[in-house]
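The values are calculated or read from the model by the stated rules, or taken from the named source; none is laboratory data. Bear in mind that the values here come from a model prediction, so they are computed numbers and not experimental data. Cβ atoms come from the backbone with ideal geometry, glycine included; neighbour counts cover every protein chain shown.
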Amino acid sequence: MDPINFVILASILFAIGAAAVLLRRNAIIAFMGVELMLNAANLALVAFSRMHGEIDGQIMAFFVLTVAAAEVVVGLGIIIAVFRARQTISLDEPAELKG
Amino acid sequence: MSFTTPEIAWAPLTPLLIVLGASAVAILVESFVRSPETRRRTQLVLSLVALVGAAGAAVVQWATLDGAGTVVLDGMLTVDRQSLAWQVLILVFGTLGTLLFASRTRAGEEAFTPLGASAPGSSDETLARRKGLQVTEVFPLALVAVGGMMLFTSVTDLIFLFVALEVFSLPLYVLVALARRRRFLSHEGALKYFLLGAFSSAILLFGAAFLYGATGSTSYAGVAAGISSSTGTDALILAGAVMVVVGLLFKIGAVPFHSWTPDAYQGAPTPVTAFMGAATKAAATAALLRVMYAALYGLNWELSWLFWVVAIASMLLGTVVALVQTELKRMLAYSSIAHAGFILVAFAGLPDTALSALPFYLASYGLATMGAFAVITQVRERSDEGTVLGEATRLGQWAGLGKRSPWLAGAMALFLLSFAGIPLTAGFVGKFVAFSAAISSGAWPLVLVAVIASAAAAFFYVRLIVLMFLTDVPEGQEDAIEIDYSPLARTVVAVTAVLVLLLGIVPGPVLSAFENAGVLLLGAGG
Amino acid sequence: MLDLTWLLIAVPLASAAFLLLAGKRADRWGHWVGVGASSAAFVVGLVALIQMLGLDSEDRAHAVHLFTWIPGGELNLDAGLLVDPLSMTFVMLVTFVGTLIHVYSVAYMEHDASRRRFFAYLNLFVAAMLLLVLADSYLLLFVGWEGVGLASYLLIGFWNHKPEYATAANKAFVVNRIGDIGLILAMGLMFTYFGALDFGSVFAAVPQASTAQLTAIGLMLLVAACGKSAQFPLQSWLGDAMAGPTPVSALIHAATMVTAGVYLIVRSAPIFEGAPAAQTTVAAIGAFTLILGALIGMAKDDIKKALAASTMSQIGYMMLAAGLGPVGYAFAIFHLVTHGFFKAGMFLGAGSVMHGMNDQVDMRRFGALRTAMVTTWVTFGLGWLAILGVPPFSGFWSKDKIIEAAFIGDDVQPWILGGAALIGAGLTAFYMSRLFFMTFHGKARWTDEQHPHESPALMTVPMIILAVGSAFLGLILATGDRFVTWLEPVTGHAEHGEPVLPAAVIMVATLLLVALGAWIAWRKYGAADVPETAPAASLATIAARNDMFQDSVNRGVFERPGTHLTRTLVYADAALVDGAVDATAHAFARTGEVTRKTQNGQVRSYALTMVVGLVIVILVVVQGGL
Amino acid sequence: MVNTVMFWIIAALTVIPALSLLFARKAVHVAMSVVLVMVGLAAAYVTLSAPFLGMVQIVVYTGAVMMLFLFVLMLVGVDQREDLKETIKGQRWIGLLAAAGLGAFLVSIIGRVTLPTADTMPSGDPEAVAIALFDRYVLVIEVLGFVLITAAVGALVLTHTPRLRPRKTQLEVQRDRVRVGADPVNKPMPGVYARHNALDVPALDPEGKPIEHSVSRVLEIRHQTQEGAEFRAALEDPSRKEGDR
């Protein structure tokens, strides 16, 4: 089977991740959606790397992994800060900035 | 397998190394200096020395540049005059931003919360304030952000682009959340900025993956080569290119990827807004320039549509919504969206002249932005008992400011006129060179829209000027506003005001310097 | 000295900066600094003028290079001044009239707490206006153009304690921005076609350009001129701008800034020469505005607004002349100069009347002021005679020439333009006489609290000087075609065309019409009683109040259609043009209100906007790119 | 070329749990499903000849990142259920449509592309990865260090509370307790000095009176306690049953 199918899989996961950001009110779940998008990109990179027969795509995936982990730390930090202030992590709740 | 140590041209990276190295040292300072006050002083001095030193190093690099520049590590990074120009620009914004970060009100209050972890209004917060705690981590965070932005302007590899994007984004997300007052808004702004920022960087990354898949390379030069020799992968290339560009347009704040701007600008502590508004836009513009000219130049025709539509949408939406804003920071945020549109006008058709016009435009815009927000930090509300509260950002509160503080109001008027592009200010020359770049590539309908939009935009800038100079303080409100005095913030106001005037009246030297920078070392087109 | 002309701009500018920065310390003597700066500029101008007069006419254009402003590969923009007879004329007008008005303002603004600031703005205005006329490129002209806009904006809104004044300032700003867009676009076109913006290069490149290109540029310049000079359809701001202090109206809205449009057209003569369609449009707009302004002038009871309408109308004459080509350029500028004198004088007179009448502006509350304010009456009367075009006063020499020139040409054009100019003269005579008689003659209609008195010498002396100018300047400059010859290096030598009617016939017809208009005005407003409240004048009520017209055939024939036309046009002006401005502003605000709702504060909606945008972009780019 | 069966297993292992992101109500369930997705992705990496990356994926993602998510979920209340009813008008349908459209476009774009697959397999073993990482990409690695520093500092700034009040000694704790009028000594246990030692029976003081606050407040609120008086009465009068209350 052609590895390009993994890219198709990656695209589907990417779309699911995006949908999670659009639809879920829970900040943590929405954030997991973003993580899924990053991982989908990783899958695409690795699949392309396999198709090109070289390792660069994999290396990039390593970087993305690291960056994503760092992003999770900062993101969860912000979510906790919001939670401490408002006792909720609903994304609908903080909507004072608008217009 | 054998490993040979890679050859790295360290010398051209000196400015970058200074800034990032200083940030590491600053983290150590955080750990080892206990007293908040000493820490703050040390951090301020360290940051300023590093930023000014780095700017000096960049200038030395510029002067001693070997030929057109240096490609570091097989195309990961390119140091040429273009990137040095942007680096200097970002270092200037970084220096001014650091001054604002450190500025305090007359009562000795910083712009940042004393304790980021405390809940707003909690006893911990009060206690931390009483104990004089300070989040001096803002200085190393700002240094990392500056370093990331400098990288962002010089990288010539998609994966490095993504990493650099995160390097400067993460500290900004944190900084936005650290306001001292109106912390709910600050948190909200940070959460929105973070979530949408992560979302957009995922989009950028997916696009980069597509480009890698289609061309087999992540370096700009490799992508450009892959585009010109592509067979059967056009759709993949186009989709990838669009997603990368969208990721960058998000940072520039262009419609429809703009929605974070007003909320983050309003929620963030004003010094952060100033720094973010000036530097992020510059860095993102630089990165977009390089991506477009060095990697995606072959898609010029296909992508021009995107730039046209996004530019027009940004100019119109930014202008029209700014007209009805009553909150000052929000109004400036929408004006920044309109300016994103003006910036993109110069991208239409990718003329060579844009490479020298845009650095100037961003310099003029960034200086005026820093100045305007610095002025905002100086105008504060006062409670009935006479204690000084947060910044007065409702438009009505600025009525009669010209009489209370002619200098401050005059400087603000100057910045606003520069935003509006009135002659003898930097903004006029900036718009002039940017629009003439667009005209030179035949995009005159776009320039027509831009001219009309900037004419309409002048209305809300001038409205504020009228409010400041031609309106009296409302009856009974004489004591509701306090003009604060912070030497550091005043320095920023003075410096930016002088520069905005100088760049408007004698832009010659700077323009010709950028003229030199208008050539990319690894340009497919420019 | 010609190389030192930059001092003309620098001195008032420095004085403005000084006055703004000096703070309260300078409140007591700051205005004299302003007067001094303006006088100094006049002296510099005078010396330069004398030096220029000593040169041969072909050497009189002198370029002063200041510095390189915007350097660039293809585009190199220098900031430089062009000192030639045309700009020198303006320099003299601006500095001389400007200085007189400065002096007048010292007394007029005496009781104003921010007099120092007022003088700073006045100086700023003078500097910007001089930059406008001395610039050697369109770009630098634009700097001055925006500068006078800004200064006038500050000055109109100077008395900001009344809300309508701020509104007026806003309106002036909006309309002027429309004009500015015209100038910016004209520059953009020049830059695209010629790659240059300085007068020399642009005019040198004109012969190679196509007529279509020149027409486009010309029309854009015309939009700019209309905005600044209050010509149809961008005239609406001028009346409202009268909210500003009266010296401002005299300086900016009569003598100098509003004539910048005429200057722009005359300066751009080579472009218009290559674009006959644009040139004809200029003339047509001028002709239309001169009638429109006159009709509006008939309907106004506010003395300043009536004068503003008159200004509009007189600038219409200048535009008409400027649209006639080389035969008209010199007369346009000539009329501009004489008008600068007599209209500024009359505005100062109006200010003097207001000064004596507790700021009353309604002419229906005046009357019989000639006894109370003799100097004002005499000086105003000289201005009145001048604007009527009564020989040998100034207006006669300039206006008559324009009317005569309007009759030159082929086909119907001379009949239309000439006819308009001729009728305009009659209308002018009517409404200016109405104004004059209502103010100074007839019965006193003021209330007991008002004690009209003559103004102090600081105010009357400038009025007297301007009145002397109104009386004799035309004669002096017209003798031996001095002024036309003086301008010839710039405007080119015009072959004297033959009007379609003999010149003598035109002159007699003009004078007859003027006499008729003045006589009707005397009958109605001088000899008869003037009602203290304006008669309601909607079309229906006029028809119902037939008795107004019964007593004389004269009135029936002349008045009824006239009133109808006047009221209709004034109404159309208010409803359509003002309405269009307001509607545009409203539309913008509404759009903004609707659009801001999309920023609903929900981060998920923001993400949705991004995704939808992304999907559309991918769809179009990928589908379109394949 | 890759194993077809393997692909379909991985596809099922990733897409189905990923859908929980859209439809599961409890955040914990979502997190656990995402762990599964990550494992599936690791398997995919191994299949695509990136074994080392696969291992790292498991260690970093399932082992660290997702655990962090779980920790935070527990911090904010693991029980949180989300009402899936949409609050923003049109958001659900436009959102689903947009996301589906995005996915469909991306898939169709890939379907349109012809990309050859190289015969040579990239070597994804640790040594090859290490050499690549520290050769061309060494600067990226170094810069990544700053990303991690920022993350650590950022998290500390946002969540770490330094000791603001001095630590209380045992003596101070005791004093505080006495000051607010609490028992100077330990609370008596319920059921003490009685024939029952059940939790719902108050303790008796030396005089035989029941000590009311020895019973958990929760039980009192639920009316599941036995009041001392009644209890004694029941003792004295065997005819009265406890259940009569």
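Within the stretch B:398-409, is even one residue among the small types (Gly, Ala, Ser), away from chain C (no Cβ under 13 Å) and not in a helix (DSSP H, G or I)? I'd like the intermediate steps shown before the answer.
Restricting attention to the stretch B:398-409, the residues satisfying the condition of being among the small types (Gly, Ala, Ser) are B:399-400, B:402, B:405, B:409.
Then keep just the ones that are away from chain C (no Cβ under 13 Å); that gives none.
No - not one qualifying residue is present in the stretch B:398-409.
Could you figure out which of (1) outside any helix (DSSP H, G or I); (2) over 19 Å from the mean Cα position of the chain (by Cα); (3) in contact (Cβ under 8 Å) with a residue 24 or more places away in the chain isn't true of residue B:241?
All conditions are met except number (1).
Residues are listed down the side, and each one gets a yes or a no for (1) buried (at least 24 other Cβ atoms within 10 Å of the Cβ); (2) assigned by TED's automatic domain parsing to the domain that holds residue C:490; (3) within 21 Å of residue C:299 (Cα to Cα); (4) among the hydrophobic types (A, V, I, L, M, F, W, C):
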{"site": "C:321", "(1), (2), (3), (4)": "yes, yes, no, yes"}
{"site": "C:339", "(1), (2), (3), (4)": "yes, yes, no, no"}
{"site": "C:346", "(1), (2), (3), (4)": "yes, yes, yes, yes"}
{"site": "C:361", "(1), (2), (3), (4)": "no, yes, yes, yes"}
{"site": "C:370", "(1), (2), (3), (4)": "no, yes, no, no"}
{"site": "C:382", "(1), (2), (3), (4)": "yes, yes, no, yes"}
{"site": "C:399", "(1), (2), (3), (4)": "yes, yes, no, no"}
{"site": "C:410", "(1), (2), (3), (4)": "no, yes, no, no"}
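If you go through the stretch A:13-25 one residue at a time, do you hit one that is within 20 Å of residue A:91 (Cβ to Cβ), in contact with a strand residue (DSSP E or B) (Cβ under 7 Å, 6 or more places away or on another chain), surrounded by fewer than 24 Cβ atoms within 10 Å (Cβ to Cβ) and facing chain D (nearest Cβ under 7 Å)?
yes
Of (1) of a type outside the set (Ser, Thr, Tyr); (2) more than 7 Å from chain A (Cβ to nearest Cβ); (3) surrounded by 20 or more Cβ atoms within 10 Å (Cβ to Cβ); (4) farther than 30 Å from residue A:84 by Cβ, residue D:53 satisfies all except one. Which?
Unmet condition: (2).
Restricting attention to the stretch D:112-127, does a residue exist that is part of a helix (DSSP H, G or I), more than 7 Å from chain A (Cβ to nearest Cβ) and in contact (Cβ under 8 Å) with a residue 40 or more places away in the chain? Before you say what the answer is, go through the steps one by one.
Within the stretch D:112-127, the subset part of a helix (DSSP H, G or I) is D:112, D:126-127.
Narrowing the set further to residues that are more than 7 Å from chain A (Cβ to nearest Cβ) leaves D:112, D:126-127.
Pick out the ones that are also in contact (Cβ under 8 Å) with a residue 40 or more places away in the chain and you get D:126.
There is at least one residue in the stretch D:112-127 that is part of a helix (DSSP H, G or I), more than 7 Å from chain A (Cβ to nearest Cβ) and in contact (Cβ under 8 Å) with a residue 40 or more places away in the chain.
Report yes if residue A:50 is free of Cβ contacts under 8 Å to residues at least 12 places away in the same chain and either within 7 Å of another protein chain (Cβ to nearest Cβ) or of a type outside the set (A, V, I, L, M, F, W, C) (or both), otherwise no.
On the way: free of Cβ contacts under 8 Å to residues at least 12 places away in the same chain: no; either within 7 Å of another protein chain (Cβ to nearest Cβ) or of a type outside the set (A, V, I, L, M, F, W, C) (or both): yes.
In short, no.
Based on what the data block shows, is residue C:22 touching a helix residue (DSSP H, G or I) at 6+ places or on another chain (Cβ under 7 Å), surrounded by fewer than 17 Cβ atoms within 10 Å (Cβ to Cβ), closer than 28 Å to residue C:112 by Cα and touching a residue at least 12 places away in the same chain (Cβ under 8 Å)? Walk me through it before giving the result.
Working: touching a helix residue (DSSP H, G or I) at 6+ places or on another chain (Cβ under 7 Å): yes; surrounded by fewer than 17 Cβ atoms within 10 Å (Cβ to Cβ): yes; closer than 28 Å to residue C:112 by Cα: yes; touching a residue at least 12 places away in the same chain (Cβ under 8 Å): yes.
In short, yes.
Determine if the stretch D:159-173 includes at least one residue that is of a type in the set (A, V, I, L, M), loosely packed, with under 13 Cβ neighbours inside 10 Å and more than 35 Å from the chain's Cα centre (by Cα). Before the answer, list the steps.
Filtering the stretch D:159-173 for residues of a type in the set (A, V, I, L, M) gives D:164, D:171, D:173.
So of that shortlist, the ones also loosely packed, with under 13 Cβ neighbours inside 10 Å come out as D:171, D:173.
Adding the requirement that they be more than 35 Å from the chain's Cα centre (by Cα) leaves D:171.
Yes, the stretch D:159-173 contains a residue that is of a type in the set (A, V, I, L, M), loosely packed, with under 13 Cβ neighbours inside 10 Å and more than 35 Å from the chain's Cα centre (by Cα).
Just checking, how many residues over the stretch B:54-67 are out of contact with any strand residue (DSSP E or B) (no Cβ under 8 Å at 6 or more places or on another chain) and assigned to a helix (DSSP H, G or I)? Outline the logic, then answer.
First, the residues of the stretch B:54-67 that are out of contact with any strand residue (DSSP E or B) (no Cβ under 8 Å at 6 or more places or on another chain): B:54-60, B:62-64, B:66-67.
Now narrow it down to the ones that are assigned to a helix (DSSP H, G or I): B:54-60, B:62-63.
Selection size over the stretch B:54-67: 9.
Give just the number: which of (1) surrounded by fewer than 24 Cβ atoms within 10 Å (Cβ to Cβ); (2) aromatic (Phe, Trp, Tyr); (3) more than 14 Å from chain C (Cβ to nearest Cβ) does residue B:275 not satisfy?
So the condition that residue B:275 fails would be (1).
Would you point out which residue out of C:337, C:378 is more than 18 Å from the chain's Cα centre (by Cα) and within 18 Å of residue C:469 (Cα to Cα)? Let's see the steps before the verdict.
Numbers: C:337 fails: more than 18 Å from the chain's Cα centre (by Cα).
Selected residue: C:378, the only one of C:337, C:378 that is more than 18 Å from the chain's Cα centre (by Cα) and within 18 Å of residue C:469 (Cα to Cα).
Looking at the stretch B:185-195 only, could you name the residues that are buried (at least 24 other Cβ atoms within 10 Å of the Cβ) and touching a residue at least 40 places away in the same chain (Cβ under 8 Å)?
Filtering the stretch B:185-195 for residues buried (at least 24 other Cβ atoms within 10 Å of the Cβ) gives B:186-195.
Those that are buried (at least 24 other Cβ atoms within 10 Å of the Cβ) and touching a residue at least 40 places away in the same chain (Cβ under 8 Å): B:186, B:187, B:188, B:189, B:190, B:192, B:193.
Scan D:14, D:62 and give me the residue that is out of contact with any strand residue (DSSP E or B) (no Cβ under 9 Å at 6 or more places or on another chain), of a type in the set (Ser, Thr, Tyr), more than 10 Å from chain A (Cβ to nearest Cβ) and assigned to a helix (DSSP H, G or I).
On the way: D:14 fails: more than 10 Å from chain A (Cβ to nearest Cβ).
Checking each option against the conditions leaves just D:62.
Run down B:167, B:176, B:144 and say which single residue is more than 7 Å from every other protein chain (Cβ to nearest Cβ) and among the β-branched types (Val, Ile, Thr). Break it down into steps so the answer makes sense when it comes.
Working: B:167 fails: more than 7 Å from every other protein chain (Cβ to nearest Cβ); B:144 fails: more than 7 Å from every other protein chain (Cβ to nearest Cβ).
Among B:167, B:176, B:144, only B:176 is more than 7 Å from every other protein chain (Cβ to nearest Cβ) and among the β-branched types (Val, Ile, Thr).
Restricting to the stretch B:280-305, what's the tally of residues that are in contact (Cβ under 8 Å) with a residue 60 or more places away in the chain, buried (at least 22 other Cβ atoms within 10 Å of the Cβ) and either of a type in the set (S, T, N, Q) or in a helix (DSSP H, G or I) (or both)?
Within the stretch B:280-305, the subset in contact (Cβ under 8 Å) with a residue 60 or more places away in the chain is B:280-287, B:289-291, B:293-300, B:302-303.
From what is left, the residues that are buried (at least 22 other Cβ atoms within 10 Å of the Cβ) are B:280-287, B:289-291, B:293-296, B:299, B:303.
Imposing the further condition that a residue be either of a type in the set (S, T, N, Q) or in a helix (DSSP H, G or I) (or both) reduces the set to B:280-287, B:289-291, B:293-295, B:299, B:303.
Matching residues across the stretch B:280-305 total 16.
Looking at (1) part of a helix (DSSP H, G or I); (2) modelled with pLDDT of 75 or more, can you tell me which one residue C:167 breaks?
That leaves (2) as the condition not met.
Considering only residues that are outside any helix (DSSP H, G or I), without any contact (Cβ under 8 Å) to a residue 40 or more places away in the chain and within 10 Å of chain A (Cβ to nearest Cβ), look in the stretch B:197-231 and name the one that is nearest to residue A:49 (Cα to Cα). Break it down into steps so the answer makes sense when it comes.
Residues of the stretch B:197-231 outside any helix (DSSP H, G or I): B:216-219, B:229-231.
With the extra rule that they be without any contact (Cβ under 8 Å) to a residue 40 or more places away in the chain, the set shrinks to B:216-217, B:229-231.
Subset that is within 10 Å of chain A (Cβ to nearest Cβ): B:216-217.
Numbers: B:216: 8, B:217: 10 Å.
In this case the residue turns out to be B:216.
Does residue B:255 qualify as being within 18 Å of residue C:617 (Cβ to Cβ) and assigned to a helix (DSSP H, G or I)?
Working: within 18 Å of residue C:617 (Cβ to Cβ): yes; assigned to a helix (DSSP H, G or I): no.
Taking the combined requirement at face value, the residue does not satisfy it.
Taking the stretch B:30-53 on its own, how many of its residues are without any contact (Cβ under 8 Å) to a residue 60 or more places away in the chain and assigned to a helix (DSSP H, G or I)?
Looking only at that region, the number is 10.
For the stretch A:74-87, state whether one or more residues are closer than 30 Å to residue D:135 by Cβ and in contact with a Phe, Trp or Tyr (Cβ under 8 Å, 6 or more places away or on another chain). Explain how you work it out, then say what you get.
Step one: of the stretch A:74-87, the residues closer than 30 Å to residue D:135 by Cβ are A:74.
After this cut, where a residue has to be in contact with a Phe, Trp or Tyr (Cβ under 8 Å, 6 or more places away or on another chain) as well, the list is A:74.
Among the residues of the stretch A:74-87, at least one is closer than 30 Å to residue D:135 by Cβ and in contact with a Phe, Trp or Tyr (Cβ under 8 Å, 6 or more places away or on another chain), which makes the answer yes.
Taking the condition of being in a helix (DSSP H, G or I) and free of Cβ contacts under 8 Å to residues at least 24 places away in the same chain, how many residues in the stretch C:25-58 meet it?
Just the residues of the stretch C:25-58 that are in a helix (DSSP H, G or I), to begin with: C:25-27, C:30-53, C:57-58.
Retained after the next criterion (residues that are free of Cβ contacts under 8 Å to residues at least 24 places away in the same chain): C:25, C:36, C:43, C:50, C:53.
Final tally of qualifying residues: 5.
Any residue at all in the stretch B:70-85 that's within 14 Å of chain A (Cβ to nearest Cβ) and not hydrophobic (A, V, I, L, M, F, W, C)? Break it down into steps so the answer makes sense when it comes.
Step one: filter the stretch B:70-85 for residues within 14 Å of chain A (Cβ to nearest Cβ), giving B:73-76.
Still in the running and not hydrophobic (A, V, I, L, M, F, W, C): B:74-75.
Scanning the stretch B:70-85, I find at least one residue that is within 14 Å of chain A (Cβ to nearest Cβ) and not hydrophobic (A, V, I, L, M, F, W, C), so the answer is yes.
Can you tell me which of (1) more than 11 Å from chain D (Cβ to nearest Cβ); (2) touching a helix residue (DSSP H, G or I) at 6+ places or on another chain (Cβ under 7 Å) is the one residue B:19 doesn't meet?
Result: residue B:19 fails condition (1) only.
Okay, residues lined up against (1) touching a residue at least 12 places away in the same chain (Cβ under 8 Å); (2) of a type in the set (Lys, Arg); (3) touching a Lys or Arg at 6+ places or on another chain (Cβ under 8 Å); (4) within 30 Å of residue C:120 (Cβ to Cβ):
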| position | (1), (2), (3), (4) |
| --- | --- |
| C:211 | yes, no, no, no |
| C:214 | yes, no, no, no |
| C:220 | yes, no, no, no |
| C:226 | yes, no, no, yes |
| C:232 | yes, no, no, no |
| C:238 | yes, no, no, yes |
| C:258 | yes, no, yes, yes |
| C:264 | yes, no, yes, yes |
